[in-house]
Amino acid sequence: SIYSGENVNKFEETEPIPLNVKELRGLVANHGNVTGPVKILLNHRDSDKIMPGDIIVTKMTTPDFIVALEKCGGIITDIGGITCHAAIIAREMNKPCVTGTRYATKVLRDGDVVQFDTAKGIVRILEQK
């Protein structure tokens, strides 16, 4: 199914989020292994909080995120696939990237520590704040 506009928000609200999530699965958009602290970016105005090596967690990226994407150590998105903006930028900048995790922005919080295992398409949650 394809959803757009307000239908996307309605769909996201009805999707159950599992409890005690220890790993996220998605599509590997670019390989690489990295461990780092999470920073949730809900829009490009949050980009100032990104420090070098932080892992960006967002619903999806847009060109407005470029400054933050240049500094980050990896990218995790809720939606998207191997041709989405985050995936393309991750390959151009050679940053590990897992897209389409469905609920990373709802499970992870700023300061959580995650580890990418892009060989398996997994992001492990090592430490939660």
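The values are calculated or read from the model by the stated rules, or taken from the named source; none is laboratory data. Source: prediction; values computed, not measured. Every residue, glycine as well, gets a Cβ built from its backbone with ideal geometry; the counts of neighbours run over all protein chains shown.
Applying the condition of being buried (at least 16 other Cβ atoms within 10 Å of the Cβ) and in contact with an Asp or Glu (Cβ under 9 Å, 6 or more places away or on another chain) to segment 31-45 and asking which residue is farthest from Val114 (Cα to Cα) yields His44.
Conditions tested, residue by residue: (1) more than 23 Å from Ile125 (Cβ to Cβ); (2) at pLDDT below 90; (3) assigned to a loop (DSSP other than H, G, I, E, B); (4) out of contact with any Ser or Thr (no Cβ under 6 Å at 6 or more places or on another chain).
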residue	(1), (2), (3), (4)
Ser1	yes, yes, yes, yes
Ser4	yes, yes, yes, yes
Asn9	yes, yes, no, yes
Ile17	no, yes, yes, yes
Gly36	no, no, no, yes
Lys39	no, no, no, yes
Gly53	no, no, yes, yes
Ile56	no, no, no, yes
Thr61	no, no, yes, yes
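Answer yes or no as to whether Arg109 is surrounded by fewer than 16 Cβ atoms within 10 Å (Cβ to Cβ) and under 27 Å from Leu19 (Cα atoms). The answer is yes for Arg109. Asp117 satisfies every condition listed in (1) acidic (Asp, Glu); (2) in contact with a helix residue (DSSP H, G or I) (Cβ under 6 Å, 6 or more places away or on another chain); (3) more than 17 Å from Lys39 (Cα to Cα) except (2). Residues of segment 46-65 that are free of Cβ contacts under 8 Å to residues at least 40 places away in the same chain and surrounded by 14 or more Cβ atoms within 10 Å (Cβ to Cβ): Asp46, Ser47, Ile50, Asp54, Ile56, Met60, Thr61, Phe65.
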